[in-house]
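Worksheet: the structure to be examined is printed underneath.
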Amino acid sequence: MWKSRAFEALIILFAFLITLPLFAIIYYVVKTGIAQINWNFLTNIPQPVGELGGGIANALVGSILIVLIATAIAVPLGILCGIYLSENSNSKISYWSRLAVDILQGTPSIVIGIVIYFWVVKPRGGFSALSGSIALAIMMLPIIIRSTEENLKLIPSSLKEAGLALGLPYQKVILRIIIPCGFSGILSGIMLAVARVAGETAPLLFTAFGNPYLSTNLLKPMQSLPLLIFNYATSPYDEWHQLAWGASTILLIWVLLLNISTKLITRKWKVQL
Amino acid sequence: MEIRHFFSLRKVRAEAAFKRTLLITSIVMIVIALGIFLTLLVHSMPSIKALGLKYLWGKTWDPVSNIYGGLPFLLGTLLTSFLALIISVPFSYAIAIYLGEYKTTGWLSGFLKNIVELVAAVPSVIYGFWALVVLVPIVRTIETKFGVAPYGVGIFTASLVLAIMIIPYAASLGRELIRLTPSALKEGAYSLGATRYEVLKNITLPYTKSGLFAGLLLSLGRALGETMAVTMVIGNSNMLPANIFAPSNTMASVIANEFTEADRTVYLSALIELGLLLFLVTVVINIIGKAVIKRFTNE
Amino acid sequence: MSCNNPDTTKTGGSENDNTLIGAGSTFVYPLFSKQFAEYNKQTGLKVNYQSIGSGGGIQQLMHKTVDFGDSDAPLNDEQTQQMGAPVLHIPMCSGAVVISYNLPGLKDTLKLTPDVIANIFLGKVKAWNDAQIAAVNAGVQLPSTPIVVAHRSDGSGTTNIFTTYLSKVSPQWNTSPGKGSSINWPIGLGGKGNEGVAGLVKQTPGAIGYVELAYAIQNKMAFAKVQNKAGNFITPSVASTSAASNIQLPEDSKVSLTNTDAADGYPISGFTWALVYKEQKYDNRSQGRATNLLKLLWWNIHDGQKFCEALNYAPLSSSAVTVAEKILHSATYDGKQILQ
């Protein structure tokens, strides 16, 4: 009997140990970075080495734009594919498509960066925010497709059949009835995908390239928060380290907020059938 | 009669167009996955033709003399990933067992579940930055105590931070599978007087064995492809690592370091060949893992 | 999924041509950073320079994804061939590659001879209190800390300057590993860019690494006096770098300054060159863009030189400027000279 108790204690110990590094990281990042954040920090671009007053405006705007475009590419494509897979579970194409989605999900992000370099950057003759967005979109697709497929499968087919029986065209049944029904699940899938790629660096190394200036031109290189953190963290300049901590704090808060709000939305909006 | 015919024709066309669009999006996925493989293959050809299979166990990576051997990176990748996996197992299994068996509901269980998901959400570059500033000095102190060269960075540090990052994958999968253990089996054992520990050891764990193994595979797949956190703390040395405290490089980190400046065709192609290997290995591991889970949940 | 979009920058005209893209040497990055900011204040032209290493700059220029590259190593024969078209080397300034170390307890500045440096980086000298180091630093209390070598993990012109020097002064180094932008280092940790190596040395007690002078000074790191060919122990500085670079440049300006004959010259110095294609009309490039580029480089070698000293780079000598001007004048757009 005591063996069972001892085992349980051991399990509880090891299970909760994981809170240590997480809290350590969040605490350290926020403590070091929060001092950096002020209006100047958010609205200025980095200064030349050795000069004070720099900020991360270019990375902030860049991250938002790149992720926004990636979402715009991935969401329609992903939802439509998810619909197909949930509607045609047994077709041959579904089998291969699902396999392809599994493959994409397991592909290391740096490999995607290499491939997009050859697909978009070289033919265009230059780095661009757009190529970065395309790379991120490919990473978002498996998450969105998966969650759409799973959520739509949960909806009883009687709902779809009722709509069709009333004479509504197929696309209206799917887009106006079924999708809104599974909306909370699909939305949480999208938000998780966004949270996942917002922090990705490797695919942007050879695509968006970085930019010391604030730019909104999608066809030119652009800076992003993870790229800035990577470059500045490994530099020897103290001012740049401080910028990197501030940027890390913002990125961390952004990602954590997305994750937490996803949970809240799923709980609140879950449709009872 | 005519009007009805007219409406249904248009409706049929619109439906057909929509269904065709859905089909096309699915095919697009296949095209992308295939495209990735082919692009990697095509651009690895120069190096495959020039170096052949010897590349895989070549010990020297010397771009200046045009000598390329992938062994240092294969070793670096395998060592960091497996070490990370070993370190993470007690923790991910403990979480899986706790959440799947001891406390499946309640606020404490919800709390732990959320913590685990947040660990998976923290961006890799932030793990790397934190590890660089916090873990590296700690490892350096450990190395000084052991009398090893106090690099601070190296395979060991990279494995530590990787271990933290991959715990959530095996943990959440394990939790789902443990919960799926048929209660009939467990109740049978309890009614025979078994303790919780005995039920776990003799019923639940053997039952979920293959599924837990699949969870390890998924964690491993994640570890193999991880780039940023590893690049920042692995020491970036292209030599064969002498021991686990030595600096090294993984396939992913050497690509990140040298891709933008590989100025010769064979050099660039050798790097892409590493990418191809990485792609093939992670994909195979992920697919095996998913197949095992599917078989397990369908049994 | 290959995109053959028409290049919309062609129609963008002056707005797009007002931002130039460059990549390459981390060696020169602190200077470029300052120069481009000043140039932007004066003319409004923006320059997006990514400090990815000389090797990276050469590769991106080869792929024509940047307007100019910068490298501390001139193009070798294979790279020249791969470029496909003639590439101009325009010297920007010269700098010193210093041997920086992390020994917080040490008050005096370390003195190093070529042999000792080679042996440290070959891994033959493993601890700071080794007899070889002590022999050159009489009276200095050296700690027993193990030596942690830091080198570049990326393709680096700085590495090229340092290893060219080592190959000249150490027959063993010349045999193996030899010189180059990215060599097979016998031991040590790799850092990305001058930034990475400086970061490693700064954070690792007992570390030694080679970085450009500006990085060492900016980070308040200690660096050694190196014995030059004439036998004098020279402190790297603007003055000693200028002494080493005060030579007549050849017409194409490709020359190595290492192991200088100058009595008070620092032996591990080198130029850094901006790289542009001689014929600027390629790939939809407009005349406006080419002119902006050349005007920028012209400014760099004239007005821009006044920022060198404050950042611890040696400005170009007047003869070097003359050679550079001639090279810039040889750039053409559609066969016609761009700068008058």
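Each value in this text was obtained by applying a stated rule to the coordinates, not by laboratory testing. Remember, it's a predicted structure, so these values are computed and weren't measured experimentally. Positions of Cβ are backbone-derived with ideal geometry, glycine not excepted, and every protein chain shown enters the neighbour counts.
Sketch the reach of a paramagnetic label on A:Ile260 as a point 7 Å from Cα along Cα-to-Cβ, and name the residues of the stretch A:31-47 whose backbone nitrogen lies under 19 Å away. Under cut-off, by backbone N: A:31-35, A:37. The simple spin-label model puts a point 7 Å past each Cα toward its Cβ; for B:Ser210 and B:Asn66 those points are separated by 5.1 nm.
When the helices in chain B are scored as -39500 (n - 2.57) per DSSP H run of 4 or longer and the sum is shared across all residues, what 222 nm value do you end up with, to the nearest 500 deg cm²/dmol? List each step's numbers first, then the result.
On the way: 12 runs with 217 residues, N = 299.
Roughly -24500 deg cm²/dmol at 222 nm, from the helical runs in chain B.
Positive contributions from Lys and Arg (+1) and negative ones from Asp and Glu (-1), summed over other residues with Cβ under 12 Å from the Cβ of A:Met139, come out at 0.
Between the alpha-carbon centres of the stretch A:4-36 and the stretch C:123-142 there is a gap of 45 Å. In terms of modelled amide H atoms, which long-range or inter-chain residues lie less than 5 Å from the amide H of B:Gly154? Those qualifying (amide H under 5 Å, at least 5 residues apart or on another chain) are B:Ile234, B:Gly235. The label-point distance for C:Ser330 and A:Lys31, in a model that sets each label 7 Å from Cα toward Cβ, rounds to 6.0 nm.
With the charge dipole of the protein assembly as shown set up from +1 on Lys and Arg Cβ and -1 on Asp and Glu Cβ about the Cα centre, the Cα lying farthest toward the positive end among the listed residues A:Leu257, B:Trp61, B:Ala291 is that of B:Ala291. Each of B:Glu226, C:Glu279, C:Glu78 has some number of other Cβ atoms within 10 Å of its Cβ, and from fewest to most they run C:Glu78, C:Glu279, B:Glu226.
Give me the extension gain from A:Trp2 to A:Leu168: residue separation times 0.36 nm, minus the current Cα-Cα distance, reported in nm with one decimal.
Details: separation 166, 0.36 × 166 = 59.76 nm, distance 6.47 nm.
Taking 0.36 nm per residue and subtracting the Cα distance, the gain is 53.3 nm.
From the square roots a ≥ b ≥ c of the eigenvalues of the alpha-carbon gyration tensor of chain A, which class results: rounded (a/c under 1.5), prolate (a/b over b/c), or oblate? List each step's numbers first, then the result.
Working: a/c = 2.11, a/b = 1.35, b/c = 1.57.
Since a/c reaches 1.5 but b/c is at least a/b, the shape of chain A is classed as oblate.
With an 8 Å Cα cut-off and a minimum separation of 6 or more residues, compute the relative contact order for the stretch C:213-340 in percent. If you can, show how the numbers build up before the last one.
Working: 163 pairs, mean separation 33.7, N = 128.
In percent, rounded to a whole number, it is 26.
The count of lysine pairs in the stretch B:54-298 with alpha-carbon distances below 28 Å, taking only pairs 8 or more places apart or on different chains, stands at 20.
Using Cα-Cα distances under 8 Å and only pairs 6 or more residues apart, what relative contact order does chain C have, in percent? For chain C, the relative contact order is 24 percent.
How much mean residue ellipticity at 222 nm does chain C get from its helices, if each DSSP H run of length 4 or more adds -39500 (n - 2.57) and you divide by all residues, to the nearest 500 deg cm²/dmol?
Values: 14 runs with 124 residues, N = 340.
Dividing the helical sum by the residues of chain C leaves -10000 deg cm²/dmol.
Taking the Cα centre as origin and putting +1 on Lys and Arg beta-carbons and -1 on Asp and Glu beta-carbons, what dipole magnitude results for chain C, to the nearest 20 debye?
On the way: 26 positive and 25 negative charges, 93 e Å.
It works out to roughly 440 debye.
Counting other C-beta atoms within 10 Å, which of C:Val197, B:Val119, C:Val255 has the fewest, and how do the rest follow? Kindly include the intermediate steps, with their values, before the conclusion.
Details: C:Val197 30, B:Val119 20, C:Val255 17.
Ordered from fewest to most neighbouring Cβ atoms within 10 Å, C:Val197, B:Val119, C:Val255 come out as C:Val255, B:Val119, C:Val197.
With springs only between Cα atoms under 10 Å, which of C:Thr258, C:Thr109, C:Thr291 fluctuates most in a Gaussian network model of chain C? Judging by the Gaussian network model, the answer is C:Thr109. Rounded to the nearest 0.05, what FRET efficiency do C:Thr322 and A:Ala24 give with R0 = 60 Å and r taken as the Cβ-Cβ distance? Could you check? Taking R0 as 60 Å, the efficiency between C:Thr322 and A:Ala24 is 0.50.
Gap in Å between the Cα centre of the stretch C:58-118 and the Cα centre of the stretch B:210-266? Spelled out, the Cα-based centre of one part sits 27 Å from the other.
With a/c under 1.5 counting as rounded, go ahead and sort the protein assembly as shown into rounded, prolate or oblate using the C-alpha gyration tensor (a ≥ b ≥ c being the square roots of the eigenvalues; past the cut-off, prolate if a/b is larger than b/c, else oblate).
Oblate shape, in that a/c is at least 1.5 and b/c is the bigger or equal ratio.
Normalised by the residues of chain B, what does the relative contact order come to in percent, with Cα pairs under 8 Å and at least six apart?
Working: 391 pairs, mean separation 80.0, N = 299.
It rounds to 27 percent for chain B.
For each of C:Asp67, C:Asp283, count neighbouring Cβ atoms within 10 Å of the residue's Cβ, then give the residues from fewest to most. Walk me through the numbers on the way to the answer.
On the way: C:Asp67 25, C:Asp283 11.
Placing the least packed residue first, the sequence is C:Asp283, C:Asp67.
Over what distance in Å are the Cα centres of the stretch A:238-259 and the stretch A:115-154 separated? The stretch A:238-259 and the stretch A:115-154 have Cα centres separated by 24 Å. Straight-line reach only, C-alpha to C-alpha below 29 angstrom: list the lysines that C:Lys111 could link to, leaving out same-chain residues fewer than 8 apart. Straight-line reach from C:Lys111, under 29 Å: C:Lys124, C:Lys126, C:Lys168, C:Lys179, C:Lys192, C:Lys202, C:Lys220, C:Lys225, C:Lys229. Annotation: aspartates and glutamates with alpha-carbon distance below 20 angstrom to C:Lys34 (same-chain offsets under eight excluded): A:Glu51, A:Asp238, A:Glu239, C:Asp67, C:Asp70, C:Asp72, C:Glu195, C:Glu212, C:Asp303, C:Glu309.
Can you show me the helix-derived [θ] at 222 nm for chain A, built from DSSP H runs with n ≥ 4 at -39,500 (n - 2.57) apiece and divided by the number of residues, rounded to the nearest 500.
Values: 12 runs with 186 residues, N = 273.
Value at 222 nm, helices only: -22500 deg cm²/dmol.
Other residues whose C-beta falls under 11 angstrom from the C-beta of B:Asn257 contribute a net charge of -1, scoring Lys and Arg +1 and Asp and Glu -1.
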